[in-house]
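*Asks:* Structure in C-alpha cells, see below.
The values are calculated or read from the model by the stated rules, or taken from the named source; none is laboratory data. Because the structure is a prediction, the values reported are computed rather than measured. Cβ coordinates were reconstructed from backbone atoms using ideal geometry, including for glycine residues, and neighbour counts include every protein chain displayed. Areas reflect the complete protein model, heavy atoms only, side chains present, ligands, DNA and RNA absent. Shrake-Rupley method; radii C 1.70, N 1.55, O 1.52, S 1.80 Å.
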There are 4 protein chains.
Amino acid sequence: MSHNSFGSLFRFTTWGESHGPAIGCVIDGCPPLIALSETDIQPWLDRRKPGQSRFVTQRRESDAVRILSGVFEGKTTGTPISLMIENEDQRSKDYSENRDKFRPGHADFTYWAKYGIRDHRGGGRSSARETASRVAAGAVARKVIEQVTGKAADIRGALVQIGSQAIDRGRWDWAEVDRNPFFSPDAAVIERWSSQLDGLRKAGSSAGAIVEVVAKGMPAGLGAPIYGKLDADLASAMMSINAVKGVEIGAGFAAAALAGETNGDEMRMKDGRVEFKSNHAGGILGGISTGQDIVVRFAVKPTSSILIARETVTASGDEAEIATKGRHDPCVGIRAVPVGEAMLAIVLADHLLRHRAQMGSRPA
Amino acid sequence: MSHNSFGSLFRFTTWGESHGPAIGCVIDGCPPLIALSETDIQPWLDRRKPGQSRFVTQRRESDAVRILSGVFEGKTTGTPISLMIENEDQRSKDYSENRDKFRPGHADFTYWAKYGIRDHRGGGRSSARETASRVAAGAVARKVIEQVTGKAADIRGALVQIGSQAIDRGRWDWAEVDRNPFFSPDAAVIERWSSQLDGLRKAGSSAGAIVEVVAKGMPAGLGAPIYGKLDADLASAMMSINAVKGVEIGAGFAAAALAGETNGDEMRMKDGRVEFKSNHAGGILGGISTGQDIVVRFAVKPTSSILIARETVTASGDEAEIATKGRHDPCVGIRAVPVGEAMLAIVLADHLLRHRAQMGSRPA
Amino acid sequence: MSHNSFGSLFRFTTWGESHGPAIGCVIDGCPPLIALSETDIQPWLDRRKPGQSRFVTQRRESDAVRILSGVFEGKTTGTPISLMIENEDQRSKDYSENRDKFRPGHADFTYWAKYGIRDHRGGGRSSARETASRVAAGAVARKVIEQVTGKAADIRGALVQIGSQAIDRGRWDWAEVDRNPFFSPDAAVIERWSSQLDGLRKAGSSAGAIVEVVAKGMPAGLGAPIYGKLDADLASAMMSINAVKGVEIGAGFAAAALAGETNGDEMRMKDGRVEFKSNHAGGILGGISTGQDIVVRFAVKPTSSILIARETVTASGDEAEIATKGRHDPCVGIRAVPVGEAMLAIVLADHLLRHRAQMGSRPA
Amino acid sequence: MSHNSFGSLFRFTTWGESHGPAIGCVIDGCPPLIALSETDIQPWLDRRKPGQSRFVTQRRESDAVRILSGVFEGKTTGTPISLMIENEDQRSKDYSENRDKFRPGHADFTYWAKYGIRDHRGGGRSSARETASRVAAGAVARKVIEQVTGKAADIRGALVQIGSQAIDRGRWDWAEVDRNPFFSPDAAVIERWSSQLDGLRKAGSSAGAIVEVVAKGMPAGLGAPIYGKLDADLASAMMSINAVKGVEIGAGFAAAALAGETNGDEMRMKDGRVEFKSNHAGGILGGISTGQDIVVRFAVKPTSSILIARETVTASGDEAEIATKGRHDPCVGIRAVPVGEAMLAIVLADHLLRHRAQMGSRPA
C-alpha cells in the first residue's frame, strides 16, 4: 500500500510540493529496451505548462524534465526511472498573507485536520502542480503501449464543456483540439468560451469544465475483474486528479435513462472480427475492454482560488474573509486535459502488462 | 496486487460464480475484539436478497452466510474472517440455450476475449451475485467503523432516479426508504416508478437508475492523498459494482456549471468547530474528508438481460439473435443500493485504519 | 497490503484455524485454461498429511480438498480459485486444561500480547495446520509452472538433518526420498534418525531439523530486483513457515568462510549456452535466477509441544508449569518438507508471471 | 506490487545506478510532525561511507543527502519524503575494459539474461551503492520508531565473523563496535581480522562475513501473521541486501540441533511483566515480537570483484578471463553492518504502523 503510488505493474510514485525545490516521480516496472530520452517526455509537459494563454495561470515554469535513472545509452533498462522537474517560479510571498486561513474549496482545511501541519505555500502537496509528474509518467506510458501493442498509442483528450456551455458533438474535429487554447474539438464554441472566461476573470470568478479522453485502437481483453476492472481503475485515476468531482464511462450517467434494448451495444461480424453497432459501453463491459474506443469523461469543479472575497475560518479558529490573489487558472479544467490523457495512458499501460502476466501474450 | 481484493488495511477478497457451489469472501485486517456473529451480517444480505418484490429477480436464494474463521467465542480475533454463502437456486439450464452467444451489454464477449474460456452459467464470475459477498463484508465494515469511531455507522443509500424519472429531493425522507420496494426516499415517486417498471417488464425491456449513498458523522481527516484519496477510492469502489457507468461526489458533474464563488463551500465557526455553509464538495476536499456528510452518487445502466430479441454473435464467429429468458431484475439499480452502502462502509473502515496507522489516533 | 496473502501475481490468501470448521485459501491471478481438479491437488496434501508414521502427529485428518470456484469444465477460468479443507479431528478438549497457560516456544503469548484474544484450541491460527493450504496452493503453482515453461515443474525437497545428525551429501539419492518416512535422500541415516526420534518420543522431548528444497530446470532471468529479488522472496516464504528460524541460499552461511575466488561460480560456454562450473550461488545472483538449480535450505526448531514439564506463566499473570499432551510431531521438520516445496513452487510461479509481465515472454 | 519498493505502511522506493548522476529514494507513509533535517540522516550515511579505512573501497563519495520534499519548517508533513544523493566519483572507465564480460559472482549475467540490457558501469543498478538509500531511509525509520514508542530507537549491528574467524561472544562489548573499522564488538579479534584482510588484499582475494543486528526495547506484539510475520519480513529485508546468502533469527540454524526443552524459552513473571529465561527465539514467536531483544544474523559472501583472474564468458558467447580492477571492498560484509541496522529499523517502523492500524494503539 502506498498513498502516493499509482498502478500495479506500470507503477509510479510522485513526490514534491508546489513551492519546494522540485517535484518528480519514480516509475517502476517499465519494460526494458524502450528508446527513451527527455525529448520523448518534454512535449507532453509543454502541453500542460502554465502561461500559454490568458486563460491559464501566469506562473512561469519551464517544466524541464530530467531523467536521473533507469535509462542507459538511450534505452530503458527495466530498473526504476527517476524523473525530476525543478520548481522555478516560487513566489511564496503570494501566500503569506493568507497562510492561516483555509481557502474555501481547497484542501487547506482537510490537510490541516488530517496532519496537523501543512505546507501553505500554494497548496503544498495538494497543488495541481503535482500533475506535471503524472504527465511525465504518462509520456513513458505511451512508449510502453507502443512497445507492447506494436503501434503508437492513440490517446487524446478534449474539453467538452466550460461552465454550462457544452460543445456541439456533431462538430467534433480532433484536428481542431490543437488549434485553440481550450483543447476544444468544436471550433464554433471557442469565441463563446473566450468571452465567458474573460468575463469571469474580470469578475474575479472562475468556471468548471468537463473533459473527455479517448483511447483508440486498444485490444479487447484489458482489465482484471473484479476489483482491478479497467473502468474502476480509470475512475480512481481520474477522480484522483485535482478538482475532479465525477467520472463516467461511455454513456455514463445518461445510461440511467436509456432502455435496456437501446443501451446494450449489439454485435455483428465484419471481416472476421466482432464489431459493435454502438458504443454506449464506452469500450468496457464487465470491467474488460471490448476493443472499441475507450471513452472516459470527468467533471472539473471551478477553480477555488478566486478574487471574490469569501467567508472562512483560520487555523486558530477565528472567522475571517479571504480573497486569493496569486496567479490562478480561471478554469483549471483546461490544463486537466493533458493530465487526463496521461492517466488514461498510465492505466492502459498497466493493464497491458497485467494482461500479459496472466495470459502470456498481449490481447489479440 | 490482487485482482479480486479490495481495500488496503481492511481488505477483502471475493470468490465464486453465479452457478457454482458457493460464493464467499475472506476479510483480512479486521481489528480483534469486535463482537460478531452471522446475525450481524444476515440482515444486510436480506436487504439485497432477490425475490423480495416483483421488481427484482425471482431467483430463490436464502443467502445464508456462514462464518468459517476469524471469530472465537463471539469475537473477532484479528485473523482472516472467511464468509461463505451457498448457492441454492442454480437453474443452469436456463442458460444452456444461449451458451455460445454473447449477450449484448454483458461481459460474455469480454471474458471470452480475455480468458479464452468463460463460465456461461448466469454470467459466471461476472454475475452480480458476487455483490452478496460485498454486502457481507460491508456488514463487518460497519462493525469496524463502530469500534473505531465509538458510534454506530450511519451509512445509508437511496434510489434517486429510475429511467428518466428522478425523485423530488425536497421530499427526501430517510424513513421512507425502508417502506417501499425501491429504496426511494420520496414516497410520491413510488407509484410512477411501479407503473414504469411494470410496463417495462411486460415489454421485456429494462431501466437504469441512479443511486445515492451517504455517510453521516464521519470525522474530518479521512483519506490518503494523492493516490489513496477518499474520493478516488470511492470512485473505484462504486465503478467496480456491476452495471455502474458513472460516479460522482457531492455536486458532481453539476459542479462544472457552477461559478467558483458558488461551488466552494464557505466556513464558519460554531461551538468551537468548523462548520460549512454548504456541501458542494460532498464532504471531501483534496481527497480528505471534511467532516460533513460524504455523498456519493452512481449511475446503473439498464439490465442487459432482456426478453427483446437483439443482434449478436457467437463464440464461433456466427451472427445470431438472442433474447435472455432466465430470471432477471427489470432494474438492477434497485438491488445496487445495499451494495453501494456496503462499498461506502468498506472504504470508510479501510481509511479509518489507514488514518490511525499514520496518525496514531482516530481523526477528531 | 494483506497480512494473510502471499505472492504478487500468483497470489493466495489463507484462512482458518486448527480447530475451526475448516481451513482454506483463495488463489488469485492463476492463468486460465489449465486443466485442474481435486486429483491434481490431493496427492500433495497426502504427502503432508498427519498420521503417516510414528514420527509425526497422530491427528487423523483426511485433508480432502474441495475446489469451490475458478474451475469450469475441468479448466481454470482465470478467476479466483477457492479451496477448502474441512477439519475433522478436533479434540479441543486436549487443550482445555492448558487454555490459560502460554506454551514456551509457541505463539500463545505473542498472539495474546498482540490481539488481546486468541483461539487457544491447538494454536488456533498459529497452528501448522495452516500449511495444508500452502501445499494445496503449491499444487496449483506447479501446474502454472508447467503451463508457462512448457515442462513439468521439477521441485523437490529433502530432510538433510535431524537434531545434530546430518545426512552424508555424498550419498544423496532423490529416489530414496519417497522410500522412507523422513524424506531423507540418504538411506544410511534412516536407522539413526529413527532411533534418535524414538528416544526423544519416549523422553517426551523433540528434535529440530534442516530441510533443503531444490528447483531444477528453471530458466535464467527470474526475479525482480531490488525488493522483489527471487532470494528475498524465498527467504520470506520459508521464514513464514511455522517453526522456521533460518533460511539460506546455495552455500548460505558457509559462504562467509569462502575466499572470493572459490565462491564466485566461474562460467564456460557449452552447446551455445552459459554453464557454471559450480553453484555456490544456489542458482541466484543479484536476486535473479542463473538457470542453475535453485537451492534453498531452512532450519526448523524442535517441536515446542513436549511432555517434559516447563516453566511458564498464565494470561492472568501467574507463574505455572506446563506439559503439553495432545498429539504432536516429535520433529515438525519432517512434515515441513512438502510445505517448503510448495512455497518454492509458489514463489517461482509468481516470478514467472512477473517476468512475462515486464518482459513480454517467458525467460529463455 | 513494486519491485523497487519495500515496506507496507512505512514504505520506501529506491532508484539510481552506481554511475548515474544520482541515487535516491522516496519514503511514503511517514507520520507527520517529526522533526527532520539532513543532519538527522547524514551521520548514518557517514557510517556506511566508502573510504574510511583500508579495508573498504577507496571510492570517494561525500554521500551528502538532500531532502527534496515532505518536510516543512523542519517537520515532516505526512507527504512523500524525497531524498537524493549525487554520485561524485564515477570513474566509469574502470569498467570499460570488462564491459562485455560477466564477472563471476556478480549480477552481470543475470541482469543481461533478464533484461537484455545492463548498465555495465560498476554494476549499474545491482551495485551495493543502492544501499546508501536504505541507510538514509533507515535514519528516518529511527525517528518514526522514536515518535511511536516514545523512546529513542535502540538498534545496533556488529560484525561477528570475517572469513572463518568468529568473534568470542563472551567478550561482546557494544562500546567497542564504534572504536574499530570492522564494527567488531570483540576488541581481541581486530588484529587477526586486520592481518587476514591485509593478506587477502595483497593476494587480490576477498573474504565473507557474518553480521548481527539487534533491536532492544521493542514492545511485544509487533508482526502480522501469517505472511506479514516479523521474521518473514526481516528475512526478506536482509536477503535483499547485496551479497547476502543467509538469514537467521535468534538461535537460527543452530536451533535444529537443540532439544525441545532447551529451545523453548521459559517464562516467569517479574515486576508484573512476563520475562523470558532465555532468548533462543530471537525475540519472535509465531511471527510476532515477544518484547525480548530482536536478534537477526545474516551471512555476506566474499566480494566478487577480485584481482585474481577467473574464467567467464562474454555477452556475445565467447569464453574469456577476467580480473576486476576498480576500487573494491576486500570484505563487503563490513559496510553491510549499517545497512542491516537500517533494514531492521525500517521493518520495525513499518510494523509499528501496521500494529496501530489494526489495534488502534501502539503495543504495550
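*Asks:* Per residue, what volume in Å³ does the convex hull of the Cα atoms of region B:19-134 enclose?
*Replies:* 124
*Asks:* Just the Cα atoms of region C:145-204: what Rg and Dmax do they give in Å?
*Replies:* For region C:145-204, the Cα radius of gyration and maximum Cα-Cα distance read 15.0, 50 Å.
*Asks:* Label-point separation (nm) for A:ARG192 and B:GLN165, each offset 7 Å from Cα along Cα-to-Cβ?
*Replies:* Result for the modelled spin labels: 3.3 nm.
*Asks:* Let me ask another. To one decimal in nm, how far is A:LYS277 from the same spot in the other copies, if labels go 7 Å from Cα toward Cβ? Please give the shortest first.
*Replies:* Spacings between copies for this position, smallest first, are 5.4, 7.3, 8.4 nm.
*Asks:* Now for a different question. Starting from the amide H of A:ARG103, placed 1.01 Å from N in the peptide plane, find each other amide H under 5 Å away whose residue is 5 or more places distant or on another chain.
*Replies:* HN-HN under 5 Å from A:ARG103: A:ASP108, A:PHE109.
*Asks:* Taking beta carbons within 10 Å but only from partner chains, what does the mean come to for residues C:32-39?
*Replies:* Across the residues of C:32-39, the mean count of other-chain Cβ atoms within 10 Å is 2.
*Asks:* Hull surface divided by four, with the convex hull built on the Cα atoms of the protein assembly as shown: how many nm²?
*Replies:* With the hull built on Cα positions only, its mean projection is 48.7 nm².
*Asks:* To the nearest 20 Debye, how big is the dipole of region C:1-73 about its Cα centre, given +1 on the beta carbon of each Lys and Arg and -1 on that of each Asp and Glu?
*Replies:* Here the size comes out at about 380 debye.
*Asks:* Separate question: Given the peptides C:277-288, B:187-198, arrange them by the average over their residues of other C-beta atoms within 10 Å, most packed first.
*Replies:* Taking the mean over residues of other Cβ atoms within 10 Å, the ranking is C:277-288, B:187-198.
*Asks:* Could I ask something else about it? Please compute the average number of Cβ atoms from other chains found within 10 Å of each residue's Cβ in peptide C:61-73. Display every interim value, and only then the final one.
*Replies:* Numbers: counts 0, 0, 0, 0, 0, 2, 2, 10, 12, 7, 3, 11, 3.
Mean number of neighbouring Cβ atoms from other chains: 4.
*Asks:* For every helix of n ≥ 4 consecutive DSSP H residues, a contribution of -39,500 (n - 2.57) applies; sum these over the protein assembly as shown, divide by its total residues, and give [θ] at 222 nm rounded to the nearest 500 deg cm²/dmol. Don't skip to the end; give the middle numbers.
*Replies:* Details: 36 runs with 392 residues, N = 1456.
Estimated from H runs of four or more residues: -8000 deg cm²/dmol.
*Asks:* For the interface of B with A, what's the total buried accessible surface in square angstrom, probe 1.4 angstrom, rounded to the nearest hundred? Show your work: numbers first, answer last.
*Replies:* Values: alone 16900 and 16860 Å², together 25410 Å².
What B and A bury together is about 8400 Å².
*Asks:* So, one more: Pick out, from B:VAL339, B:VAL247, B:LEU307, the residue whose Cα sits farthest towards the positive end of the charge dipole of region B:231-361, with +1 on the Cβ of Lys and Arg and -1 on the Cβ of Asp and Glu.
*Replies:* B:VAL339
*Asks:* Please report Rg (one decimal) and Dmax (integer) in Å for the Cα set of region B:299-364.
*Replies:* 21.2, 61
*Asks:* Under 5 Å between amide H atoms, partner at least 5 residues away or on a different chain: which partners does B:ILE226 have, H built in plane at 1.01 Å?
*Replies:* A:ASN4
*Asks:* Something else now. Report the equivalent ellipsoid semi-axes for chain D in whole Å, largest first, defined as the square roots of five times the eigenvalues of the gyration tensor built from alpha carbon atoms.
*Replies:* Rounded to whole Å, the semi-axes are 34, 26, 19.
*Asks:* For D:ARG54, which inter-copy label distances result when the label point lies 7 Å beyond Cα on the Cα-to-Cβ vector, reported in nm to one decimal and in ascending order?
*Replies:* Label point to label point, same position, other copies: 6.4, 7.5, 9.9 nm.
*Asks:* While we're here: Under a straight-distance cross-link criterion of Cα-Cα below 15 Å, which aspartates and glutamates are reachable from C:LYS277, leaving out those fewer than 8 residues away in the same chain?
*Replies:* C:GLU261, C:ASP265, C:GLU266, C:ASP293, D:GLU311, D:GLU319, D:GLU321
*Asks:* Evaluate the charge dipole of chain C about its Cα centre and quote only its size in Debye, nearest 20, assuming +1 on the Cβ of each Lys and Arg and -1 on the Cβ of each Asp and Glu.
*Replies:* 200
*Asks:* Would you pull out the residues with amide H under 5 Å of B:SER206's amide H, same chain only if 5 or more places away, H placed 1.01 Å from N?
*Replies:* Counting only residues 5 or more places away or on other chains, the set is A:GLY260, A:GLU261.
*Asks:* Count charges around A:ALA220 for me, please; just the other residues with Cβ under 10 Å from its Cβ, Lys/Arg as +1, Asp/Glu as -1.
*Replies:* +2
*Asks:* So what does D:HIS351 come to for accessible area, using a 1.4 Å probe and Å² rounded to 10?
*Replies:* 0
*Asks:* Could you work out the local net charge near D:VAL189, counting Lys and Arg as +1, Asp and Glu as -1, over the other residues with Cβ closer than 15 Å to its Cβ? Mind showing how you got there, number by number?
*Replies:* Values: positive: D:ARG169, D:ARG171, D:ARG179, D:ARG192; negative: D:ASP168, D:ASP173, D:GLU176, D:ASP186, D:GLU191, D:ASP198, D:GLU212.
Combined, the nearby Lys, Arg, Asp and Glu give -3.
*Asks:* Of B:LYS202, B:LYS49, A:LYS301, which has the most accessible area and how do the rest follow, probe 1.4 Å?
*Replies:* B:LYS202, B:LYS49, A:LYS301
*Asks:* So, one more: How about region A:1-88: which trypsin sites (Lys or Arg not before Pro) there are in a DSSP loop, with at most 15 other Cβ atoms within 10 Å of their Cβ? List each step's numbers first, then the result.
*Replies:* On the way: sites: A:ARG11, A:ARG47, A:ARG48, A:ARG54, A:ARG59, A:ARG60, A:ARG66, A:LYS75; in loops: A:ARG54, A:ARG59, A:ARG60.
When the trypsin sites (Lys or Arg not before Pro) of region A:1-88 are filtered for loop state and at most 15 Cβ neighbours within 10 Å, A:ARG54, A:ARG60 remain.
*Asks:* Here's another thing I want to ask about it. Under 11 Å from the Cβ of D:GLY282, count the other residues' Cβ atoms, weight Lys and Arg +1, Asp and Glu -1, and hand me the total. Before the final figure, lay out each step's value.
*Replies:* Details: positive: C:LYS245, C:LYS301, D:ARG297; negative: D:GLU212, D:ASP231, D:GLU248, D:ASP265, D:ASP293.
Surrounding charge for D:GLY282 is -2.
*Asks:* Check each of the GluC sites (Glu not before Pro) in region D:301-334 and keep only those in coil by DSSP with at most 16 other C-beta atoms within 10 angstrom; list them in order.
*Replies:* Of the GluC sites (Glu not before Pro), not one in the loops of region D:301-334 has a Cβ with at most 16 other Cβ atoms within 10 Å.
*Asks:* Roughly how crowded by other chains is peptide B:99-111, in terms of the mean Cβ count from those chains within 10 Å of each of its Cβ atoms?
*Replies:* Mean partner shielding for this stretch: 6.
*Asks:* Please list the radius of gyration and Dmax for region A:53-208, considering alpha-carbon atoms only, with Å as the unit.
*Replies:* Just the Cα atoms of region A:53-208 yield Rg and Dmax of 19.8, 53 Å.
*Asks:* I'd like to compare B:331-337, B:116-122, B:126-132: which one has the highest average count of other Cβ atoms within 10 Å, and what's the full order after that?
*Replies:* B:331-337, B:126-132, B:116-122
*Asks:* Dipole size in debye (nearest 20) for the protein assembly as shown around its Cα centre, Lys and Arg Cβ +1, Asp and Glu Cβ -1?
*Replies:* 0
*Asks:* Continuing with the same structure: With θ set to phi - 60° and the Karplus curve 6.51 cos²θ - 1.76 cosθ + 1.60, what are the ³J(HN,Hα) couplings of region C:139-147 in order, to the nearest whole Hz, using x for Gly and Pro?
*Replies:* Running phi through 6.51 cos²θ - 1.76 cosθ + 1.60 with θ = phi - 60° gives 5, 5, 4, 4, 5, 5, 4, 5, 5 Hz.
*Asks:* HN-Hα J couplings of region C:297-307 from phi, Karplus 6.51/-1.76/1.60, θ = phi - 60°, integer Hz, Gly and Pro as x?
*Replies:* 10, 9, 9, 10, 6, x, 3, 7, 7, 10, 7
*Asks:* Helix D:190-203 sits at what angle to the longest principal axis of chain D, using alpha carbons and giving 0 to 90 degrees rounded to 10?
*Replies:* Taking Cα atoms only, the helix is inclined about 30 degrees.
*Asks:* Karplus couplings for region B:79-85 from phi (6.51 cos²θ - 1.76 cosθ + 1.60, θ = phi - 60°), rounded to Hz, Gly and Pro as x?
*Replies:* Per-residue couplings from phi come out as 9, x, 9, 9, 10, 9, 10 Hz.
*Asks:* Identify, among A:PHE109, A:ILE85, A:ALA136, the residue whose Cα sits farthest towards the positive end of the charge dipole of region A:52-147, taking +1 on the Cβ of Lys and Arg and -1 on the Cβ of Asp and Glu, with the dipole about the Cα centre.
*Replies:* My answer, from the dipole projection, is A:PHE109.
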